[in-house]
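Below is one structure, written out as structure tokens, with a few remarks after it.
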Amino acid sequence: MAEHYDIPMPTRDQMLNLTPFFRLTPGNIITYIILAVGLVVTVMRFTLGIGAVSNLDDNYPWGIWIGFDLLCGVALAAGGYFTTVACYVLGLKRFHSAVRPAVTTAFLGYFFVVVALHYDLGHPLRLPYAFFYPGTTSVLFEVGLCVATYVTVLFCEFSVMPIEWLAHRFPILRIFHKLITKTVILLTIFGVTLSTLHQSSLGSLFLIAPGKLHPLWYSPFMPMFFFVSSMAAGASMVIFEGMLTHKGLQFYMDTNHAKDSKLVTLSFSRAASFILMGYFMLKLIDMIVQNNMGYLFSGYGVLWLVEMFGFVLLPALIYAKGARDGNEHICQIGSIITVLGIIFNRFNVSIIAFNWHLPAAERYFPSWHEITVSVFIVTLIITVYRFIVYHMPVLYEHPNFRHHG
Amino acid sequence: MNRRKFLALLGTAGVGGALAAPGMAAAKAHVFPGYENSYGVLHDVTRCIGCRQCEEACNAVNSLPQPREPFDDLDVLGVRRRTSAYQWTVVNQYTIDDKPYFRKLQCFHCNEPACASACFAKCFTKNPDGSVTYNGEQCVGCRYCMIACPFYIPGFQYDEPFDPLVQKCTFCKPRLDKGQLPGCVEACPMDALTFGRRSDLIRLARKRIEENPGRYTDYIYGEWDAGGTAWMVLAPASKETVGKSDVGPAGATEVMHAIGLDTHLGSQPMGELTYGALGTVPLIVAFWPILFGGLYGISKSREARNEMRNKIMRAAVRQDMAAAMDDAVRRIERQQGPEAAEVARQALEDAVEERRQAALDASRFARKEDH
Ligand code: SF4
Ligand code: SF4
Ligand code: SF4
């Protein structure tokens, strides 16, 4: 039976548990400062316009709001499909305790990708127009359709957690809860299909611009590269988050979760090691087949080599060693490097190696407003995640809903 | 099918499994009609003197805001400029073999425009007259069209907080509809811009090259580049290309590059580079559920098999145990009488029950580690 130590679980009379937000810890203080500055910049963005707050221009219509908030946001939220497939489709029940945190992060990740997109769009309120006037020849249309559908799927998968929290007050929700737990396998398969499509399509976005993206990154195989690296990102994020939750949210964990987390870390490390190794080989072969050796001896070549060896091969080896030695900490280091590597890669494709032939003076560097917005979004994700963990059974099994998946 | 397209198919096939073949149909489909009698403009770089009168006319006929530098300020020619939301055409100065040349930049009005295939809200239209126009009313402002345009043409009204739109040359579509020439063409004092049917312009360009092979590089930029464009460029000869006939994109690379034109775009429309990837979408939609459903089925039946085997084994063990206990109790009864046998039976049953409980607890964890 799951031990609950003394997890501060909300009860019928005490639905809220907000005290952790009011403690004057350094973390909270920084959070509130970022949120305050972020709000100011948000107001600026929506009253003064994109030009007033960003360094975007006609040559760089996409900056870090797309390169980081969208591309990295989606890739790093891949833990959702990765974990649910491992647990439900492949029947690896030992990953069960990792499912809820992964689904929560994935849902928040995607939800805030959509939120962040509103900063970047010239006409955010017209986002649904894409479905009224479908530009079916556009990769972006496919991305939009998949992301919109997948957010809905993730919302369903995630909804069991708020329901278990709110069921004290609104017992009617139990019906929906039952429905979701019955269809979880369908949702998972639907989710992995949508994920395959849009994770790879984020790479396809750049297929249309062979003249702008440096040949070391431009490849007809970009869709596959984006998809394969998203798997590594998903596995790494589960490990990375596991590390963070153990450092701050351990009071909300039951013994099963705490016990299984090492197993999850080691298994996911092994998987990530294989994936990264495969990814490294694919990229290497692609580089040779496309005859890009010559480019290796330029500045961009160095950048590419750093990415490939420092952020793909190195973490693959670190993961392999950590998994073999059964050493969680080594695996966690691997996950940090992989996560950074994913961000590095997406930045390279969308910003650094993009417009590579433009003179230095015309290159883009984000403004502090743009960086603030990205930091603001990440902080929002973390804050909402904390709220969820403080109230809902993410890291523990709710005694009223045991064995419900 | 060229090499790049083939690779694109393979690339997505990596995701779509060995299912590339049906995707090819999608890759071949022409999404935009190639209008037979569409118009175009030929820009003859050898005739252009960089007077910027085309810029001024464009500004006037389209009621664009006045630029900071007046149009008679020719110093701006030396600075590399590009089109923007408020300057739909600009003239830049370039150097070929130490000689200055000028080229006018504007939307090329591609036959199958990259901007149009990239737009996910269908804002762009390729019209039968050849122009590529934009309808801002449904524009979401994602700016993917700007990423896609291989010529860096569309500009965005970044300074506009509430209704920012993408802007570019319209081929003076409203004037064409009235039977007038585009503003720039009408204004050019040097006849450097020739308006006409695209097919006629290609013939005209060939004729100019033929009549004056020393003057031109034998390559009409835009005849095939990026799938063909309505506006085309005739470039001067360089030391490299002078006197050579039909140099092709590779031979023309240097000259074209010198006047800021990319000859590596290929002859396929840019959108086609993505159609291979898009073609695999229905395949993934069709096959992924089957694949993962199958995997789920396998893992389920494995689980069920294990469960069954365990059940049988447990039953066998239970029977063995019961038989052994019976045996033991009967022996005790024979040797020490029925009372002792009753005590022994109770003790044995208690012990078994205790162990069963312990095993149940342990199996919860064991199950997790086993699967
Ligand atoms: S030049 Fe650019 S903006 Fe003009 S039609 Fe072609 S792709 Fe579109
Ligand atoms: S910015 Fe507007 S016109 Fe350009 S792709 Fe997006 S929706 Fe289409
Ligand atoms: S008006 Fe004619 S000659 Fe003058 S800059 Fe424009 S294209 Fe060249």
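Expressed as an acute angle from 0 to 90° and rounded to the nearest 10, what is the orientation of the C-alpha long axis of helix A:96-120 relative to the principal long axis of chain A?
Its long axis makes an angle of about 50 degrees.
Can you tell me the dipole magnitude for the protein assembly as shown around its Cα centre, using point charges on the Cβ only (Lys, Arg +1; Asp, Glu -1), in Debye to the nearest 20?
On the way: 68 positive and 65 negative charges, 272 e Å.
I would put it at about 1300 debye.
Over the alpha-carbon set of the protein assembly as shown, work out the extent along each principal axis and list the three values in angstrom, largest first.
Computed over the protein assembly as shown, the largest-to-smallest principal extents equal 130, 52, 46 Å.
Which value in nm describes the separation of the simple spin-label points at residue A:362 and residue B:125, placed 7 Å from the Cα toward the beta carbon?
3.2
What does a probe at residue A:19 reach in the stretch A:365-405, counting residues whose amide N is under 20 Å from the point 7 Å along Cα→Cβ?
Taking a point 7 Å out along Cα→Cβ of residue A:19, the residues of the stretch A:365-405 whose backbone N falls under 20 Å are A:386-396.
Run the Debye formula on the Cα coordinates of the stretch B:276-370, all scatterers equal and no solvent, and tell me log10 I(q)/I(0) at q = 0.18, 0.19, 0.23 1/Å.
Once normalised to I(0) and log-transformed, intensities are -0.94, -0.98, -1.15.
Relative to 2.2 N^0.38 Å, what does the C-alpha radius of gyration of the stretch A:18-101 come to as a ratio? Two decimals please.
Against the compact-globule rule of thumb, the ratio is 1.64.
Once you order the gyration tensor axes a ≥ b ≥ c over the Cα atoms, which shape class does the stretch A:160-312 get: rounded for a/c under 1.5, otherwise prolate or oblate by comparing a/b with b/c? Could the numbers behind the result be given before it?
Working: a/c = 3.19, a/b = 1.94, b/c = 1.64.
Prolate.
By the gyration tensor of its Cα atoms, with a ≥ b ≥ c the square roots of the eigenvalues, what is the shape of the stretch A:112-209: rounded for a/c under 1.5, prolate for a/b over b/c, or oblate? Walk me through the numbers before you get to the answer.
Working: a/c = 2.92, a/b = 1.88, b/c = 1.55.
Since a/c reaches 1.5 and a/b is larger than b/c, the shape of the stretch A:112-209 is classed as prolate.
So what's the angle, to the nearest 10 degrees on a 0 to 90 scale, between helix B:281-336 and the longest Cα principal axis of chain B?
10
Residue B:105's amide H: which non-local residues (gap 5+, or another chain) put their own amide H closer than 5 Å, with H modeled 1.01 Å from N in plane and none for Pro or chain starts?
Those qualifying (amide H under 5 Å, at least 5 residues apart or on another chain) are B:90, B:91, B:92.
In whole Hz and in residue order, list the ³J(HN,Hα) couplings for the stretch B:339-344 that follow from phi through the Karplus curve 6.51 cos²θ - 1.76 cosθ + 1.60, θ = phi - 60°; x for Gly and Pro.
Listing the rounded values in order: 5, 4, 4, 4, 4, 4 Hz.
Accessible area per residue, 1.4 Å probe, Å², for the protein assembly as shown: what's the number? Mind dumping the intermediate values first?
Details: 34050 Å² over 776 residues.
For the protein assembly as shown, the per-residue accessible area is 44 Å².
Pairs of Cα atoms under 8 Å, at least six residues apart: use those to get the relative contact order of chain B, whole percent.
Working: 552 pairs, mean separation 75.0, N = 371.
In percent, rounded to a whole number, it is 20.
Taking amide H positions as placed in the peptide plane 1.01 Å from N, state which residues far from residue B:41 in sequence (5 or more) or on other chains have amide H under 5 Å from it.
Amide H neighbours of residue B:41, under 5 Å, 5+ apart: B:231, B:232.
How many nm separate the modelled label positions at residue B:301 and residue A:170, each set 7 Å beyond the Cα in the direction of the Cβ?
Using points 7 Å along Cα→Cβ, the separation is 4.2 nm.
Given a Förster radius of 25 Å and the C-beta distance between residue B:159 and residue A:33 as r, what FRET efficiency does 1/(1 + (r/R0)^6) yield to the nearest 0.05? Please list the in-between numbers first.
Values: r = 30 Å, r/R0 = 1.20.
Here the calculated transfer efficiency is 0.25.
Chain pair A, B: how much accessible area is buried, both chains summed, with a 1.4 Å probe, in Å² to 100? Spell out each step's value before the answer.
On the way: alone 18620 and 21670 Å², together 34050 Å².
For A against B, buried area totals roughly 6200 Å².
Grab the Cα-Cα distance for residue B:339 and residue B:212, subtract it from 0.36 nm times how many residues apart they are, and report the gain in nm with one decimal. Before the final figure, lay out the partial values.
Values: separation 127, 0.36 × 127 = 45.72 nm, distance 12.72 nm.
Fully extending the segment from residue B:339 to residue B:212 adds 33.0 nm.
So what is the relative contact order for chain A, in percent, with contacts set as C-alpha pairs under 8 Å and at least six apart? Working shown, then result.
Details: 519 pairs, mean separation 119.9, N = 405.
Worked out over chain A, it gives 30 percent.
Taking N as the number of residues in the stretch A:1-157, what is its Cα Rg relative to 2.2 N^0.38 Å? It would help to have the intermediate numbers written out before the result.
On the way: Rg = 19.8 Å, N = 157, 2.2 N^0.38 = 15.0 Å.
Working it through for the stretch A:1-157, the quotient is 1.32.
Using the Karplus curve 6.51 cos²θ - 1.76 cosθ + 1.60 with θ = phi - 60°, what ³J(HN,Hα) values do you get for each residue of the stretch A:224-233, in whole Hz, with x for Gly and Pro?
5, 4, 5, 5, 4, 5, 5, 5, 4, 5
Just the number, please: Stokes-Einstein D of the stretch A:89-134 in µm²/s, Kirkwood Rh from C-alpha pairs, 20 °C, 1.002 mPa s.
Numbers: Rh = 13.2 Å.
The estimated diffusion coefficient comes to 162 µm²/s.
Return the sequence-ordered ³J(HN,Hα) values of the stretch B:79-87 in whole Hz as given by the Karplus equation 6.51 cos²θ - 1.76 cosθ + 1.60 applied to θ = phi - 60°, using x for Gly and Pro.
Whole-Hz 3J(HN,Hα) from phi for the stretch B:79-87: 8, 5, 10, 10, 5, 9, 4, 10, 10.
For the pairs A:93/A:178; A:321/B:300; A:259/B:311; B:207/B:239, note any where the Cα-Cα span goes beyond 24 Å.
Values: A:93/A:178 20 Å; A:321/B:300 32 Å; A:259/B:311 27 Å; B:207/B:239 21 Å.
Over 24 Å apart, Cα to Cα: A:321/B:300; A:259/B:311.
Counting only protein heavy atoms and using a 1.4 Å probe, what share of the accessible area of the protein assembly as shown belongs to carbon plus sulfur, as a whole percent? Before the final figure, lay out each step's value.
Numbers: 21760 of 34050 Å².
Here it works out to 64 percent.
State, to one decimal in nm², a quarter of the convex hull surface area for the C-alpha atoms of the stretch A:246-319, i.e. the direction-averaged projected area.
Averaged projected hull area, Cα only: 6.5 nm².
So who's got an amide H within less than 5 Å of the one on residue A:298, skipping anything under 5 residues away but keeping other chains? H placed 1.01 Å off N, in plane.
none
Taking Rh as the Kirkwood radius computed over C-alpha pairs, what is the Stokes-Einstein D of the stretch B:151-232 at 25 °C in a medium of viscosity 0.890 mPa s, expressed in µm² per second?
On the way: Rh = 15.4 Å.
Translational D for this selection: 160 µm²/s.
Using just the alpha carbons, could you tell me how many Å³ per residue the convex hull of chain A encloses? Don't skip to the answer; put the middle values down first.
Details: hull volume 62.5 nm³, N = 405.
About 154 Å³ per residue, rounded to a whole number.
Classify the stretch B:67-206 from the C-alpha gyration tensor, please: rounded if a/c falls under 1.5, else prolate or oblate depending on whether a/b exceeds b/c. Before the final figure, lay out each step's value.
Working: a/c = 1.71, a/b = 1.22, b/c = 1.40.
Since a/c reaches 1.5 but b/c is at least a/b, the shape of the stretch B:67-206 is classed as oblate.
As I understand it, the value is the acute angle between the Cα axis of helix B:3-16 and the longest principal axis of the Cα atoms of chain B; what does it come to in degrees, rounded to 10?
That helix lies at roughly 20 degrees to the long axis.
Using the reciprocal of the averaged 1/r over all distinct C-alpha pairs, how large is the Kirkwood radius of the stretch B:30-270 in Å? Write down the numbers at each step before the final one.
Details: mean 1/r = 0.0550 Å⁻¹.
Kirkwood radius, the stretch B:30-270: 18.2 Å.
In the structure displayed, which of A:212/B:244; B:122/B:168; B:122/B:173; B:104/B:126; A:283/B:122 lie more than 24 Å apart, Cα to Cα? It would help to have the intermediate numbers written out before the result.
On the way: A:212/B:244 30 Å; B:122/B:168 16 Å; B:122/B:173 18 Å; B:104/B:126 22 Å; A:283/B:122 34 Å.
Cα-Cα > 24 Å for A:212/B:244; A:283/B:122; rest within.
The values are calculated or read from the model by the stated rules, or taken from the named source; none is laboratory data. All figures in this text were calculated on a predicted structure; none of them were measured in a lab. All Cβ positions, glycine included, derive from the backbone under ideal geometry; neighbour counts span all protein chains shown. Ligands, DNA and RNA are stripped out before the accessible areas are found, and what is left, the full protein with its side chains, is counted by its heavy atoms. Shrake-Rupley method; radii C 1.70, N 1.55, O 1.52, S 1.80 Å.
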